[in-house]
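This report concerns only the one structure given below.
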Amino acid sequence: KNAKEKEVEVENMSLSQQELLEKLGTDLQSGLTTDEASKRREDDGAFNVVRPPVDCPAWLCIILPCIKHVPSMKAFAALKPDDAEIKRNGKWVRYDASSLVKGDIIRLEEGDSVPGDCVTMQISGSEDLLVDLRTITGEERLKTIATGSDSMTSLYYGGKVVQGSAIAVITAIGPNTLLAQLIREKRFPPKEPILEAQDETRLNSIV
């Protein structure tokens, strides 16, 4: 994109979007630099990894393979993201999802796993964005965001993009994600919807 197109994108951002990006110390057009991401990873002292519901040593899982068939473990295994498309040094690159840091700008497309808790900035393409968060949030329906929308909608680590594409900013990784919280509280997988009020509360706490 040329400089003029980039200026239009920035001007069209809502105030709350700008506030969120400033709060996270990031830029929608260039993302984070490699040095910035490395420093944040070092400061956080954690990678973007969520510990499983039954967190046992590898040797024990070999001896007791039935652990893998515990309902929460089966649900967890289906959610783990492998990689993510990240804006790094102003260019789109695909990295291992565990290398994500808070403030990373990501691109989500059909078939992707949501690699961290994030907030949508732009819904692109000709189709609405549909994301399956049911295993994480307990919602009965897919999360739907209209194409062309710049609404700030929270998505969560482990969600599955069923249709559409979007640009989003990472707001929480690893142990700070909603999934990690639910696992710690023994509420995963949820038996009922959990986000009626929590969605807005989590976003407001960031901004």
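The values are calculated or read from the model by the stated rules, or taken from the named source; none is laboratory data. Fair warning: this is a prediction, and the values are worked out from it, not measured in the lab. Backbone-built Cβ (ideal geometry, glycine too); neighbour counts: all protein chains shown. Accessible surface is based on the protein model in full, side chains and every heavy atom, while ligands, DNA and RNA are left aside. Shrake-Rupley method; radii C 1.70, N 1.55, O 1.52, S 1.80 Å.
Cβ-Cβ distance of ASP128 and SER16, R₀ of 22 Å, FRET efficiency by 1/(1 + (r/R0)^6): the value works out to about 0.55. With the highest mean first, a sort of the peptides 26-32, 166-172 on other beta-carbon atoms found within 10 angstrom per residue produces 166-172, 26-32.
Please report the carbon-and-sulfur percent of the accessible area for region 92-185; probe 1.4 Å, protein heavy atoms only, DNA, RNA and ligands left out.
Carbon with sulfur: 42 percent of the solvent-accessible area.
Packing, as the average of other Cβ atoms within 10 Å across residues, places the peptides 70-80, 119-129 in the order 119-129, 70-80, highest first.
Taking the average, over residues, of other Cβ atoms within 10 Å as the packing measure, peptides 100-110, 131-141 rank 100-110, 131-141 from highest down.
Candidates MET152, ILE167, ALA180 compared by Cα position along the dipole of region 149-193: farthest toward the positive end lies ALA180, with charges placed on Cβ.
Orientation-averaged projection of region 70-155 equals 6.3 nm² [convex hull of Cα atoms, one quarter of hull surface area].
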